[in-house]
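Engineer: Input: one structure, supplied below.
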């Protein structure tokens with residue numbers, strides 16, 4: 001399973017994180033962005049697993065091994081979105097140029113008293129939508145998420161704006177998380193969750209889907225939740241376009257997913273593959289936005 005991400009340690013220290021935060025908030029975004037170059041160099045030179053994950057992914061994108069410059073560009077793109085989370089969470093939207101689609105699809109449902117599931121991924125920045133919704137757009141958002149992979153970064157970001165932390169629904173085993181999701185949707189919330197990584201739980205249900213030319217395991221929980229609650233399932237991407245520019249994209253996967261009794265597994269497979277196909281579509285549009293820095297396709301494991 002592609003749960004190897006859980007084994008990756010956080011390449012940060014409290015001093016480094018607090019220094020970046022202080023510079024970002026006191027000296028401004030241009031000064032803070034200068035730090036991205038030594039940070040990128042550090043990861044390229046010393047974070048072997050992350051560097052290897054980038055190389056494996058970019059090889060699939062470009063159909064050839066990437067150059068060191070392309071790997072560095074990939075890591076720099078990720079670092080830039082982490083930095084911009086500080087400005088998003090503190091409401092400094094003037095620092096960023098965020099383009100919304102002509103139709104704010106989840107807001108359309110919310111205004112009509114209908115909640116929805118907002119299915120994201122580690123492609124681009126989910127923070128763009130969550131923070132923008134809180135400060136600039138009357139879209140009520142909750143996030144169902146696993147916490148703990150980058151605890152120092154999460155602690156720093158949540159401390160900047162406690163209201164952001166209040167939007168989180170902790171993802172736990174059992175019915176408690178699903179109950180909270182159901183309650184939020186019944187109140188007209190868009191409930192966001194990430195669907196491109198497995199948690200490594202032996203009881204987790206997954207489907208084998210094709211993505212960039214090979215099979216990967218994709219969690220089926222988003223499909224099952226949408227089918228159980230009978231709510232719209234919208235795929236979301238907040239793509240970083242360089243500089244200070246972000247683009248938000250919505251794709252309606254289905255207004256109502258129905259799993260037929262006689263073809264339940266085939267239906268689950270179909271809808272999960274539809275999600276994977278959208279991932280591929282947007283990977284090819286903005287390849288450096290892919291932020292799964294590990295052996296996602298388990299290529300090294302098969303060798």
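The values are calculated or read from the model by the stated rules, or taken from the named source; none is laboratory data. Just so you know, these numbers come straight off a predicted model, no measurement behind them. So basically every Cβ, Gly included, is an ideal-geometry build from the backbone, and we count neighbours across all protein chains shown.
Engineer: So, residue 225, is that one part of a helix (DSSP H, G or I) and either within 20 Å of residue 296 (Cα to Cα) or in contact (Cβ under 8 Å) with a residue 60 or more places away in the chain (or both) or not?
Structural biologist: yes
Engineer: When segment 110-128 is examined, which residues are found to be assigned to a helix (DSSP H, G or I) and over 24 Å from residue 227 (Cα atoms)?
Structural biologist: Listed by number, the residues that qualify are 127, 128.
Engineer: Still on this structure, please answer the following. What are the pairs, 6+ residues apart or on separate chains, where a residue within segment 198-211 that is more than 16 Å from residue 269 (Cβ to Cβ) has its Cβ under 8 Å from a residue that is part of a strand (DSSP E or B)?
Structural biologist: Close Cβ pairs (under 8 Å, with a partner that is part of a strand (DSSP E or B)) amount to 199/219.
Engineer: Here is a follow-up. Please work out which residue is modelled with the lowest pLDDT, limiting yourself to segment 177-198 and to residues that are under 15 Å from residue 120 (Cα atoms) and in a loop (DSSP other than H, G, I, E, B).
Structural biologist: The extreme case among them is 198.
Engineer: Could you tell me which numbered condition residue 10 fails, if it satisfies all but one of (1) at pLDDT below 90; (2) under 30 Å from residue 189 (Cβ atoms); (3) in contact with a helix residue (DSSP H, G or I) (Cβ under 7 Å, 6 or more places away or on another chain); (4) surrounded by 15 or more Cβ atoms within 10 Å (Cβ to Cβ)?
Structural biologist: (4)
Engineer: Then there is this: With the condition kept exactly as written, say whether any residue in segment 261-268 is in contact with a helix residue (DSSP H, G or I) (Cβ under 8 Å, 6 or more places away or on another chain), over 17 Å from residue 100 (Cα atoms) and outside any helix (DSSP H, G or I).
Structural biologist: No.
Engineer: Condition first: closer than 24 Å to residue 166 by Cβ and out of contact with any helix residue (DSSP H, G or I) (no Cβ under 6 Å at 6 or more places or on another chain). Can you find one or more residues in segment 208-219 that meet it?
Structural biologist: Within segment 208-219 (the criterion being closer than 24 Å to residue 166 by Cβ and out of contact with any helix residue (DSSP H, G or I) (no Cβ under 6 Å at 6 or more places or on another chain)), the answer is no, since none of the residues qualifies.
Engineer: Hey, can you tell me all the residues within segment 241-260 that are part of a strand (DSSP E or B) and touching a helix residue (DSSP H, G or I) at 6+ places or on another chain (Cβ under 8 Å)?
Structural biologist: 246, 248, 249, 250, 251, 252, 253, 254
Engineer: Does residue 218 satisfy being under 15 Å from residue 296 (Cβ atoms) and in contact (Cβ under 8 Å) with a residue 40 or more places away in the chain?
Structural biologist: In short, yes.
Engineer: Separate question: Checking residue 64 against (1) under 24 Å from residue 278 (Cα atoms); (2) surrounded by fewer than 16 Cβ atoms within 10 Å (Cβ to Cβ); (3) modelled with pLDDT under 95, only one condition comes out false. Which one?
Structural biologist: Result: residue 64 passes all but (3).
Engineer: Moving on to the next point. Could you check segment 84-100 and list, in sequence order, the residues that are touching a residue at least 40 places away in the same chain (Cβ under 8 Å), assigned to a helix (DSSP H, G or I), out of contact with any helix residue (DSSP H, G or I) (no Cβ under 6 Å at 6 or more places or on another chain) and surrounded by fewer than 19 Cβ atoms within 10 Å (Cβ to Cβ)?
Structural biologist: The answer is 93, and nothing else.
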